[in-house]
Amino acid sequence: MDLLGQVFNTTAMTISRAAKDVRPLLEAHGDHLPASTARFRTQEDIERFLDPDKSKIKPTC
């Protein structure tokens with residue numbers, strides 16, 4: 001949440017509230033999103049995760 005707050009120039013609390021508001025709407029329409037085990041600490045972590053040509057972040061178990 002902290003990293004998303006930085007990326008979108010807001011607070012982690014705002015990101016958390018938005019996620020809590022959106023999740024029931026998605027589920028009401030049949031979209032169930034499992035919690036991710038990936039942890040991103042920097043914007044570069046996200047870029048590496050999304051770029052198929054770079055090494056992936058290993059998910060935590």
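Assorted remarks:
- Selected residue (criterion: most open to solvent (accessible area, probe 1.4 Å)) from residues of segment 1-18 that are assigned to a helix (DSSP H, G or I) and among the aliphatic types (A, V, I, L, M): M13
- Residue that is nearest to M1 (Cα to Cα) [pool: residues in segment 19-30 that are open to solvent by 50 Å² or more (accessible area, probe 1.4 Å) and among the aliphatic types (A, V, I, L, M)]: V22
- Taking every residue in segment 9-20 that is under 18 Å from R41 (Cα atoms) and pairing it with any residue that is of a type in the set (A, V, I, L, M, F, W, C) and in a helix (DSSP H, G or I), at least 6 positions away or on another chain, the pairs with Cβ-Cβ distances below 8 Å are A12/L4; I15/L4.
The values are calculated or read from the model by the stated rules, or taken from the named source; none is laboratory data. It should be emphasised that the depicted structure is a prediction, and the values quoted were computed from it without experimental measurement. Note that each Cβ is placed from the backbone with ideal geometry, even for glycine, and that neighbours are counted across all protein chains shown. Just the protein is used for accessible areas: all its heavy atoms, side chains included, with ligands, DNA and RNA removed. Shrake-Rupley method; radii C 1.70, N 1.55, O 1.52, S 1.80 Å.
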